[in-house]
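Novice: My questions will all concern the structure given below.
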Amino acid sequence: RGSAGPSKAWPQGTEIGHDGAMGFWAALEEIFPSTRQQRCWVHKTANVLNYLPKRSQPKAKKMLHDIWQAETREDANLSFDLFIESYEAKYPRAVECLIKDRSELLTFFDFPAQHWQSIRTSNPIESAFATIRHRTKRTKGSLSREGMLHMMFKLGQCAEKNWRKLRGFAHLADVIEGVDFVNGIKPSNQQKAAA
């Protein structure tokens, strides 16, 4: 993961990173419309900081980290509101950049806590497609559709050899079944009955 600070090459206010492959999300939404999205905190932090002057960035970065490192959704919402209160008057564009994706930034609280490290960032998606994207740009127009799909499949197979196992993979069955986790914890049967 790279630094979440803005790049010197980008003018202030430019969104410097877009999280994940947007084509991937569009396809996923079309095939699996109930899929929930989690926006990348690394990219969002960089984009919000890019709307702030350099002297304000360290404090703002810490406040943003307080949001996504919160133990509960309630704590995250309190930190979120504190960030808005602190910066809205002077830097409305930074606040707007953050609040437009509020719910997608906090989606991870509805999943197993063991998965949070993997789903708070788009790096898993970006890493999976980086090799494929690199190769397809080089061979553009020189392969048939079937040849390109075959090459992409083989590149994906090669790339998966370096993937790390998902922490808490035992919870995948619960996620697939639609179990509602509360702040990363699977509710017990007593809690479900009380709700």
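Novice: What length, rounded to one decimal in nm, is gained on full extension from Glu146 through to Glu88, with 0.36 nm per residue of separation minus their alpha-carbon distance? Present the calculation step by step, with values, prior to reporting the outcome.
Specialist: Numbers: separation 58, 0.36 × 58 = 20.88 nm, distance 5.11 nm.
In short, 15.8 nm is gained.
Novice: If one computes P(r) from the Cα atoms of the range 15-109, what percent of pairs lie at distances over 20 Å? Don't jump to the answer; show the numbers that get you there.
Specialist: Numbers: 1644 of 4465 pairs.
Tail fraction, whole percent: 37.
Novice: Continuing with the same structure: Calculate, axis by axis, the spread of Cα positions in the range 37-89 along the three principal axes, and write the results as whole Å, longest axis first.
Specialist: 30, 23, 16
Novice: Taking a probe of 1.4 Å, how large is the accessible area per residue of the range 15-109, in Å²?
Specialist: Ligands and nucleic acids excluded, the result is 53 Å² per residue.
Novice: Simple spin-label model, 7 Å along Cα-to-Cβ: Val182 to Asp110 in nm?
Specialist: 1.6
Novice: Could you rank the peptides 103-116, 175-188, 61-74 by their average count of other C-beta atoms within 10 Å per residue, with the highest value first?
Specialist: 103-116, 61-74, 175-188
Novice: What ranking of His150, His43 comes out by heavy-atom accessible area, probe 1.4 Å, highest first?
Specialist: So, going from the largest accessible area down, we get His150, His43.
Novice: Could you tell me the calculated FRET efficiency between Ala170 and Trp25, based on Cβ-Cβ distance and R0 = 30 angstrom, to the nearest 0.05? Please report the intermediate quantities before stating the final value.
Specialist: On the way: r = 26 Å, r/R0 = 0.88.
Once the sixth-power term is evaluated, E becomes 0.70.
The values are calculated or read from the model by the stated rules, or taken from the named source; none is laboratory data. The shown structure was predicted, so the numbers you read here are calculated from the model rather than taken from an experiment. We place every Cβ from the backbone using ideal geometry, glycine too, and count neighbours over all the protein chains shown. Accessible surface areas use protein heavy atoms only, side chains included; no ligands, DNA or RNA. Shrake-Rupley method; radii C 1.70, N 1.55, O 1.52, S 1.80 Å.
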